[in-house]
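Report on the following structure.
Values in this text are rule-based calculations from the coordinates and carry no lab data. What you see is a predicted model, and the numbers here were worked out from it, not measured in a lab. All Cβ positions, glycine included, derive from the backbone under ideal geometry; neighbour counts span all protein chains shown.
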Amino acid sequence: MKNWFKNKWNKGKMLAELKPALFLSLTFCFMIFIYAPLEFYINNSNEFWYDAYLLFPFIFKDFLLFFVISLIGFTVAYFIAKIVYEIALYGYFACMIACYIQGNFMIKNLPPLDGTEINWTLYRTETMKSTIMWIAVAVICLIGFFLLKYDKIKKLVSYISIFMILMLGSTITVLAVNGDIFTKKQYEKFNKLDQFEMSTDTNFIIVLLDAVDEECFWQVWEQHPEYKEEMRDFTFYNNTMSGYAYTDHSLPLIISGEWYENKEPFLDYQIRIFKNSPFFEYLKKQDYTLSYYEDEYKFEVGVMDGAFNNLAYTQSSLWDAPLFNKRIIKMVGMKYAPYLLKPKCWFNVDMLNNQEMTPKDEELFSWKNKAFYDDLKEDEISYVDGKRFKLIHLMGAHVPFYYDKDVNVIDNANYYTCIESSMTVTMAYLDKLREAGVYDNSVIIVLSDHGYNIEGDAIDTPQRNENETGRQHPILFIKGLNENHDFQVSGAPISFEDLVGAYYKLLDGAASDDCFEYKEGDQRERRYLLYKYLGEDHMVEYMQTGYAGDESTLIPTGRVFDAK
């Protein structure tokens, strides 16, 4: 054994032989466990609740662990036989090159990580492209290893590895400096403060049910005659156009009427609208206390001072570190793994387990239908003299699909059962307001932020086709102050840009069927800015010339709005 080891060592020759394995392991592990998660984090830092200081220990630990494992593996291969070592070198090198190409040049059509269950059969073209690329890289590398002499192979592997790690290192350094990732994240988020505090004077309440499409909603409505009685006093506007296909841009339009056209950074626009919306300014002058119940938005401490009554500073800490680590690796796999393995890497990025806490242990608001429904059943209405504005953003029928009509979490939920759960929660809320005697003195608006393009198998497994429309038709119910009548439906051609004008009229005592300028039978063109998911830097303008849900009359104008 001693002589065998001495022969392998051969006056340090083993170290020279393992040098390309050292550089190759260093580069590959750096790319996968440091560069990839940092690059993903930097480019999407606003989407994550955690800061880089929480990420660093995991990525460095993973890097060191797999680097050591790689070196041990190469050393074992070297001890077994030269041919085994060469095969390991070839396989590792080919994998590194293919991963680099996959993660940096084949990422335009990645499926979303927002909870949408992926129908992977829709990605067959991408899977085929990915498979062909991996096979091509394997074949090219194999030919190279056969044609070149062993000494040249070792030098080539070493040189390419050194070049790549220098390139990746310099790139991530520039991204880190420009991305300012070394700032500790401190956020304010919305808590449950005064969630059921209602004014004995006047309340203005907006209940936003996310992603409820009008046509799908009406199919549910027709199966539940009890809805009509519960929504008495409301006018349902069934010909309403959203302004955008997704929540981030729809919400500011709903509360301000101001369009976003990529003329300024979106975050600047968003903060300006939430803090200084003319409608919010008007409410404050009328002595309204403003509360916004939402669990996605977070703001840097101090940015939203004075805007809402229920903002609290939050600190984040992990309660399941191994699971967090596993999902960080999976997130990297969604970019760098071949498409055949991506289904194993998919997960809902919102499930990067964390625990958010406020200094005073105030409970943060959760948008999940069940969380709000449970609060409705457990908490009582309290009364105040001052006026109150409440914007309550609930999950509605957004993915992932959790609920049945009774708001139970079930495995076989679908889009329609989630719409039913939304109505169950909404009706419970309205009943609570009626029982507490604060229903009549409240303007109540129930709406969705956008529609949903859902068809076929997407009922259970939703899919986006961002080249199509289909998300422009939300629901809109309105009840004015002291309004009492049978449920009514209006086909007036309404746009979300009309909402703020209606708010003022409702506060002045207008009835729900008389708060808009447009009436049923009127003809008008309504604007819609369409962009692909995660492609909001390129917006395409459409005009709806007919009924809101009719895609054949949704006509592109030729105008586009690109971020500078």
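So for the chain, Kirkwood radius off the Cα pairs, Stokes-Einstein at 4 °C and 1.567 mPa s: how many µm² s⁻¹?
49
Along the charge dipole of the chain, which of THR235, PHE299, ALA510 sits closest to the positive end, that is, farthest toward it, with unit charges on the beta carbon of Lys, Arg, Asp and Glu (+1, +1, -1, -1)?
Positive-end residue among those listed: PHE299.
Could you compute the FRET efficiency for THR557 and LYS108, with r as their C-beta to C-beta distance and R0 at 30 Å, rounded to 0.05?
0.70
If the cut-off is 28 Å between C-alpha atoms, which lysines fall inside it for LYS519, apart from same-chain ones fewer than 8 positions away?
Output for LYS519: LYS228, LYS390, LYS479, LYS505.
R0 = 41 Å: FRET efficiency of THR545 with ALA428, Cβ-based, nearest 0.05?
About 0.55, to the nearest 0.05.
Could you point to the residue in GLN102, LEU71, LEU168 farthest towards the positive end of the chain's charge dipole, with +1 and -1 charges on the Cβ of Lys/Arg and Asp/Glu respectively?
LEU71
Looking only at segment 196-234, which residues have a backbone nitrogen under 20 Å from a spot 7 Å from the Cα of VAL489 in the C-beta direction?
212-234
In nm, give the distance between the simple-model label positions of ASN441 and GLU296, each being 7 Å from the Cα along the Cα-to-Cβ direction.
3.4
When the helix-only estimate is applied to the chain (DSSP H runs of n ≥ 4, each -39,500 (n - 2.57), divided by the residue count), what is the mean residue ellipticity at 222 nm, nearest 500 deg cm²/dmol?
-14000 deg cm²/dmol
Taking 31 Å as the cut-off for C-alpha to C-alpha distance, list the pairs among LYS185/LYS326; LYS189/LYS330; LYS275/LYS405 that go past it.
LYS275/LYS405
So if each residue of separation counts as 0.36 nm, and I subtract the Cα-Cα distance between ALA321 and MET167, what length gain in nm does that give?
So the chain would gain 52.4 nm between ALA321 and MET167.
Determine, from the Cβ-Cβ distance of LYS184 and LYS61 and an R0 of 22 Å, the FRET efficiency 1/(1 + (r/R0)^6), rounded to the nearest 0.05.
0.60
When the chain is fully extended, how far beyond the present Cα-Cα distance does ILE143 get from LYS344, taking 0.36 nm per residue of separation?
Difference between extended and current length: 69.3 nm.
List the residues, sorted by chain then number, that are 5 or more residues from GLN195 or on another chain and whose placed amide H is less than 5 Å from its amide H.
none
Show me, for segment 15-31, the HN-Hα J-couplings you get by feeding each phi into the Karplus relation (A = 6.51, B = -1.76, C = 1.60, θ = phi - 60°), rounded to Hz, glycine and proline as x.
The phi angles translate into 4, 5, 5, 8, 4, x, 5, 4, 5, 5, 5, 4, 5, 4, 5, 5, 4 Hz.
With θ set to phi - 60°, apply the Karplus curve 6.51 cos²θ - 1.76 cosθ + 1.60 along segment 386-397 and write out the HN-Hα couplings as whole Hz, x wherever there is a Gly or Pro.
Here the 3J(HN,Hα) series is x, 6, 10, 10, 9, 10, 10, 9, 10, 4, x, 10 Hz.
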